Amino acid sequence: MCEEKKEAELLKEKLCLKKEHFDFVCDDEYQNAEDFCKGYMHFLSEAKTERECNSFVIEEAEKNGFLLFDSRKTYKAGDKVYLNNRGKAVILAVIGKKGVSRGAKIVASHIDSPRLDLKPTPLYEDSELAYFKTHYYGGIRKYQWTAIPLSLHGVIIKADGSSVKVSLGEKENEPKFVITDLLPHLAKEQSKRTLSEGIKGEELNILIGSRPFKSDSGSELVKLNILKLLNEKYGIVEKDFISAELELVPAFPVSDIGFDRSLIGAYGHDDRVCAYPATMALFEAGIPENTAITVLADKEEIGSDGNTGLNSAFLKYFIEDLAEAEGLKGRHVLSMSQCLSADVNAGFDPTFPSVHDKYNAALLNHGVVLTKYTGSRGKAGSSDACAEFMGEIRRILDGAEVCWQIGELGKVDEGGGGTVAMYVANLGVDVVDLGVPVLSMHAPYEIVAKSDVYSTFRACKAFFQTGK
Ligand code: MN
Ligand code: MN
């Protein structure tokens with residue numbers, strides 16, 4: 001009996017797929033994960049929008065020896081360059097020993113997150129209170145955005161072409177903003193609405209003031225007082241909102257979560273939680289065999305369209321420039337290139353188990369998730385990575401002893417989603433999704449495990465350092 005059991009265990013060991021906990025794979029790495037996440041949490045606090053991420057990353061890149069890319073120059077192995085796409089997307093590259101002659105190694109993440117944008121004519125007064133009208137950006141559950149502190153970030157271009165940067169509501173002594181909701185006592189009718197209609201788009205109005213400009217006569221004096229304050233602080237008039245990009249994001253501080261401090265709570269892990277590891281991995285990749293590229297894109301949350309999104313040509317043009325500098329054709333280089341589409345996946349949430357297929361769901365603390373395909377309704381809108389490329393990535397991750405797991409977004413008929421993978425794949429590049437499992441994805445406050453953030457960094461680094 002005892003012998004038989006032993007045989008079964010040995011056979012199991014040999015044949016069965018193990019879902020290994022970070023604890024099991026990298027027990028001695030917890031401190032490294034903790035140290036890495038300190039840097040990540042600093043980044044989360046400093047850079048809350050695509051523009052702020054762009055500036056933060058370029059500043060760090062310059063400290064690490066990266067120079068502005070010049071397509072007329074020829075570069076040699078070890079040279080580090082960056083391309084700034086309109087202050088909202090950025091490409092970083094380290095030229096490899098083989099250059100791009102065997103293709104490039106690309107990690108692509110996005111630095112935009114779901115949020116509330118101001119409408120072009122946002123400011124109004126109603127019943128002696130002043131408000132901003134908003135138009136939400138990306139897939140949000142609208143009811144989650146009321147009654148929480150919000151901060152205002154962005155840029156305003158004035159009539160003379162000069163620009164003003166705005167960041168208000170992050171520091172402790174700065175005012176914050178809020179969307180009000182009904183009190184339960186009077187919410188009888190509202191409570192009959194479905195959850196998706198609980199708060200409607202036109203109800204996402206930001207409370208921004210209540211004190212009138214002191215005057216014996218005149219109407220809308222609260223609005224007038226706000227305009228006066230804005231004029232004093234930023235030198236703007238109401239018409240300047242037309243040429244502005246102002247975004248409201250949650251003003252919660254970044255925090256450790258749990259008695260064991262194993263988790264991080266923050267706004268916008270999606271997808272800064274992959275953008276940061278992808279950037280740090282490139283900084284620490286040394287001189288790779290193949291030119292290594294980290295691209296941090298904008299507009300993923302609204303479908304990657306627009307000239308700062310990955311459904312535009314800026315990555316393709318950059319690689320074509322690298323190719324031409326080496327006397328190669330861009331399309332040949334693209335066809336030989338490989339890409340990790342580093343984006344988050346849904347972590348299994350035991351409070352809502354019914355949306356997940358438990359055999360294929362990603363678990364927190366089980367490492368970076370490799371996702372063969374995303375999409376919805378039968379893989380629509382997905383880049384389904386081929387078996388050969390899956391095999392190659394699997395060998396890289398196992399070879400570097402990265403803690404990783406395989407995962408799917410949710411049950412087949414439950415919903416779905418997409419990433420930048422298909423837009424990079426459309427260039428002829430081999431692509432697969434890989435990233436951090438998240439709880440409460442797209443909520444104002446999302447949760448990730450520190451061990452998974454660190455595992456994503458290790459995965460990106462191993463990918464860059466493995467030549468082809
Ligand atoms: Mn994402
Ligand atoms: Mn997203």
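The values are calculated or read from the model by the stated rules, or taken from the named source; none is laboratory data. All of these numbers come straight from a predicted model, not from anything done at the bench. Every residue, glycine as well, gets a Cβ built from its backbone with ideal geometry; the counts of neighbours run over all protein chains shown. Ligands, DNA and RNA are stripped out before the accessible areas are found, and what is left, the full protein with its side chains, is counted by its heavy atoms. Shrake-Rupley method; radii C 1.70, N 1.55, O 1.52, S 1.80 Å.
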message: Rounding to the nearest 10 and keeping the result within 0 to 90°, find how far the Cα-based axis of helix 30-46 lies from the longest principal axis of the chain.
response: 30
field: Total charge dipole magnitude, the chain, about the Cα centre, Cβ charges on Lys, Arg, Asp, Glu only, Debye to nearest 20
entry: 820
message: No solvent, one uniform scatterer per C-alpha: report log10 I(q)/I(0) for the chain via the Debye equation at q = 0.08, 0.12 1/Å, two decimals.
response: -0.51, -1.06
In Å², nearest 10: area of Thr74 left accessible to a 1.4 Å probe: 110
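For the stretch 98-159, what does the relative contact order come out to in percent, with C-alpha contacts under 8 Å and a separation of six or more? Intermediate values should be presented prior to the final figure.
Numbers: 40 pairs, mean separation 15.8, N = 62.
Normalised by residue count, the contact order of the stretch 98-159 is 25 percent.
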- line: Computed Rg/Rh for the stretch 115-250 (Cα atoms; Rh = Kirkwood radius) stands at 0.99
field: Most to least accessible of Phe463, Phe56 (protein chains only, probe 1.4 Å)
entry: Phe56, Phe463
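Starting from 0.36 nm per residue, how many nanometres of slack lie between Tyr359 and His332 once their C-alpha separation is accounted for? Please list the in-between numbers first.
Working: separation 27, 0.36 × 27 = 9.72 nm, distance 3.90 nm.
Taking Tyr359 through His332 to full extension adds about 5.8 nm, to one decimal.
Mind putting a number on the dipole of the stretch 115-250 about its Cα centre? Charges go on the C-beta only, +1 for Lys and Arg and -1 for Asp and Glu, and I need it in Debye to the nearest 20. If you can, show how the numbers build up before the last one.
Values: 19 positive and 20 negative charges, 54 e Å.
Once rounded to the nearest 20, the dipole reads 260 debye.
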- prompt: Which of the trypsin sites (Lys or Arg not before Pro) found in the stretch 1-83 are loop residues per DSSP with 10 or fewer other Cβ atoms within 10 Å of their Cβ?
  reply: Lys18, Arg72, Lys76
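Would you work out the relative contact order for the chain, in percent, from Cα pairs under 8 angstrom that are 6 or more residues apart?
Details: 1024 pairs, mean separation 102.9, N = 468.
For the chain, the relative contact order is 22 percent.
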- prompt: When the helices in the chain are scored as -39500 (n - 2.57) per DSSP H run of 4 or longer and the sum is shared across all residues, what 222 nm value do you end up with, to the nearest 500 deg cm²/dmol?
  reply: -8500 deg cm²/dmol
- line: Measuring from the longest principal axis of the C-alpha atoms of the chain, the long axis of helix 50-63 (C-alpha) lies at a number of degrees, nearest 10, equal to 50
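Which percent, nearest 5, of DSSP beta bridges in the stretch 303-460 are antiparallel? Show your work: numbers first, answer last.
On the way: 7 of 18 bridges.
Among the beta bridges of the stretch 303-460, antiparallel pairing accounts for roughly 40 percent.
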statement: With the 8 Å Cα cutoff and a minimum separation of six or more residues, the stretch 115-250 has a relative contact order in percent of 39
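Could you order Tyr82, Tyr136 by accessible surface area, starting with the largest, using a probe radius of 1.4 Å? Intermediate results must be reported in sequence, preceding the final value.
On the way: Tyr82 20, Tyr136 90 Å².
Sorted by accessible area, descending: Tyr136, Tyr82.
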- request: Report Tyr317's accessible area, 1.4 Å probe, all protein chains in place, as a number in Å² to the nearest 10.
  value: 130
- prompt: Between Leu224, Tyr234, Leu248, whose Cα lies farthest towards the positive end of the dipole of the stretch 217-256 when Lys and Arg beta carbons carry +1 and Asp and Glu beta carbons carry -1, centred on the Cα centre?
  reply: Leu224
- prompt: By how many degrees, 0 to 90 and rounded to 10, does the Cα axis of helix 2-15 deviate from the longest principal axis of the chain?
  reply: 70
- request: With unit charges on the beta carbon (Lys/Arg positive, Asp/Glu negative), name the residue among Tyr359, Thr456, Ser101 whose Cα is farthest towards the positive pole of the charge dipole of the chain.
  value: Ser101
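Restricting the count to DSSP beta bridges whose residues both fall in the chain, what percent are antiparallel, rounded to a multiple of 5? Could the numbers behind the result be given before it?
On the way: 53 of 76 bridges.
Percentage antiparallel, nearest 5: 70.
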message: Tell me which of Cys386, Ser162, Ser304 sits at the most positive position along the dipole axis of the chain, charges placed on C-beta atoms (Lys, Arg +1; Asp, Glu -1).
response: Ser162
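For the stretch 270-330, which GluC sites (Glu not before Pro) pass both filters: DSSP loop (anything but H, G, I, E, B) and at most 13 other C-beta atoms within 10 Å? It would help to have the intermediate numbers written out before the result.
Numbers: sites: Glu284, Glu289, Glu300, Glu301, Glu320, Glu324, Glu326; in loops: Glu284, Glu289, Glu326.
The qualifying sites are Glu284.
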- prompt: Ignoring ligands, DNA and RNA, how do Asp216, Asp305 rank by accessible area with a 1.4 Å probe, largest first?
  reply: Asp216, Asp305
field: Charged-residue dipole, Cβ positions (Lys, Arg, Asp, Glu), the stretch 178-224 about Cα centre, Debye nearest 20
entry: 100
- request: Check each of the trypsin sites (Lys or Arg not before Pro) in the stretch 356-391 and keep only those in coil by DSSP with at most 11 other C-beta atoms within 10 angstrom; list them in order.
  value: Lys358, Arg377
